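The values are calculated or read from the model by the stated rules, or taken from the named source; none is laboratory data. No experiment lies behind these values; they were computed from the predicted model shown. Because the Cβ atoms are built from the backbone with ideal geometry, glycine has one as well, and the counts that use them run over all protein chains shown. Please note that ligands, DNA and RNA were not included when accessible areas were found on the heavy atoms of the full protein model with its side chains. Shrake-Rupley method; radii C 1.70, N 1.55, O 1.52, S 1.80 Å.
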Amino acid sequence: MVKAFALERRKEIMEKLHQFQRVTVKELSEEMQVSEATLRSDLTKMEEDGLLQRTHGGAILVESMDNETNFFSREKRNKSEKSAIAKKAVELISNGQCIMLDASSTALELARTLNELPIRLMVVTSGINTALELKDHPDITVILLGGIVKKGSYSLEGHLGVNILDQINIDMLFTSANGFSFDSGLMDFSVYEVELKKAMVSASKKVVALLDHTKINKNSIAPFASIDQIDTIITDFDITADYARKFLEHNIEVIIASPETFVR
């Protein structure tokens, strides 16, 4: 239970940072009824994970974090790897299926790949750019999940309109993440977007994680899919024998995006 309490504290800290850009240990201690020593330990761990920058008496949301969460900044990073992952993901999709894409830049790359194919699909997505990418395809029906438009990300978050997922049979969810670990599963930096992603995971028959090598063994603030909820991982990460064994233990299929398909 201690781990769960720590996770809830850190989620609340990140919410306050996104709202106010800075926090103090004293204010957090008074509002959360937690000792200052415990909160200093939380902030230190969160700084190690790259989620914030410690200051004297508190922490700030640094510019690098803004760049990390900004959609256009993320879209430019590891673009060739994401393209290779998208090409592998397409091989899992069959004509006539209903799939779901999150608002990640990797899912957008998958949408671009689908847009070039003669395929009939229904695509449910929380990504505004993803919906716009596919809207003119003659045989793809696009459903955009309702929600609040998140500044700088072109994604929708929250539970507005999420009830539509109860009325649709989703064959596969293709989702990326800010981080993945065997302990926490898939994690993201937005505690609000995570709530929508949890609903997307629950509504899908199969969950496919699209993870370039920078996402593997990386922590983020809030988990949205446990290790046992993931069916397949597509990655360019060099899987070691130890990783392969752990994936096998959890019945996760791992598909490697061939390094020949992109230049590092």
* Structure fact -> If we ask which residues in segment 87-115 are closer than 24 Å to ALA199 by Cβ, in contact with a strand residue (DSSP E or B) (Cβ under 8 Å, 6 or more places away or on another chain) and either basic (Lys, Arg) or surrounded by 21 or more Cβ atoms within 10 Å (Cβ to Cβ) (or both), their number turns out to be 13
* Structure fact -> All-but-one check, HIS213 against (1) part of a loop (DSSP other than H, G, I, E, B); (2) closer than 24 Å to LEU43 by Cβ, failing number (2)
* To do: Using the structure shown, decide if LEU51 is in the same structural domain as GLU12 (by the TED database), modelled with pLDDT under 90 and buried (at least 23 other Cβ atoms within 10 Å of the Cβ).
  => yes
* Structure fact -> Flagged pairs (Cβ under 6 angstrom, 6 or more apart or on separate chains; first in segment 234-251, in the same structural domain as GLU91 (by the TED database); second surrounded by 10 or more Cβ atoms within 10 Å (Cβ to Cβ) and in a loop (DSSP other than H, G, I, E, B)) are ASP236/ASP212; ASP236/HIS213; ASP236/ALA257; PHE237/HIS213; LYS246/PHE182
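Looking at segment 1-42 only, could you name the residues that are outside any helix (DSSP H, G or I) and either polar (S, T, N, Q) or open to solvent by less than 40 Å² (accessible area, probe 1.4 Å) (or both)? I'd like the intermediate steps shown before the answer.
Start the filter on segment 1-42 by keeping residues that are outside any helix (DSSP H, G or I), which leaves 1, 21-24, 33-35.
Within segment 1-42, GLN21, VAL23, THR24, GLN33, VAL34, SER35 qualify.
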* Structure fact -> Of (1) surrounded by fewer than 21 Cβ atoms within 10 Å (Cβ to Cβ); (2) touching a Pro at 6+ places or on another chain (Cβ under 8 Å), ASP183 satisfies every one except (2)
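Go through segment 43-54 and report how many residues are of a type in the set (A, V, I, L, M, F, W, C) and assigned to a helix (DSSP H, G or I).
So the first thing to find is which residues in segment 43-54 are of a type in the set (A, V, I, L, M, F, W, C), and the list is 43, 46, 51-52.
Next, only the ones that are assigned to a helix (DSSP H, G or I) stay: 43, 46.
Adding up the residues that qualify gives 2.
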* Asked: Across segment 116-143, what is the total count of residues that are within 22 Å of ASP166 (Cα to Cα) and touching a strand residue (DSSP E or B) at 6+ places or on another chain (Cβ under 6 Å)?
  -> 13
* Select from segment 217-231 the residues that are surrounded by fewer than 18 Cβ atoms within 10 Å (Cβ to Cβ) and in a strand (DSSP E or B) and list them in ascending order. => none
* Structure fact -> If we keep only residues of segment 116-138 that are polar (S, T, N, Q) and more than 20 Å from LYS205 (Cα to Cα), then the residue most open to solvent (accessible area, probe 1.4 Å) is ASN129
